[in-house]
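A short write-up of the structure that comes next.
The numbers here are math on the coordinates, done by the rules we state, and not lab data. What you see is a predicted model; the values in this text were computed from it and never measured. Glycine also receives a Cβ, built like all others from the backbone with ideal geometry; neighbour counts cover every protein chain displayed.
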Amino acid sequence: MTYKPVPWDNEILKDVMNDPEAHAIYEATKLQIELSVALRKAREKRKMTQEDVAKMIRSHKPVISRLESNADDVKHFPSLLTIAKVASAVGYELKLALVPIKKKITLRKMTKKSRK
């Protein structure tokens, strides 16, 4: 199953992107889904089962299944350590980077908005 984002009405998308908190959640969820899809494709490319990967990282199949499920439930998404282990098990290295946000948002602006 290929991930296809749901088309958004431009007005709704504009509102989400202008709200720093909503924008952050949107980006985190998008990144989580993209990572899930990439890890599943990497596992399938190596012709490995979820059980194979789970054994390699000394875990259980449901952990791999949850990671690959594309669920947008951030609370139950595996830790970075687990993701790095899975990536390594399927022959990849996980790299993270901090990238400056294009639109500068100050802490003061965020706290004022969240108090409303």
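Just a few scattered comments:
- Two-site FRET efficiency, Ile101 against Ile12, from Cβ-Cβ distance with R₀ of 22 Å, rounded to 0.05: 0.55
- Between Glu21 and Ser65, the modelled labels are 3.5 nm apart [label points 7 Å from Cα along Cα→Cβ].
- Distance (nanometres) between label positions extended 7 Å along Cα→Cβ at Met56 and Ile33: 2.7
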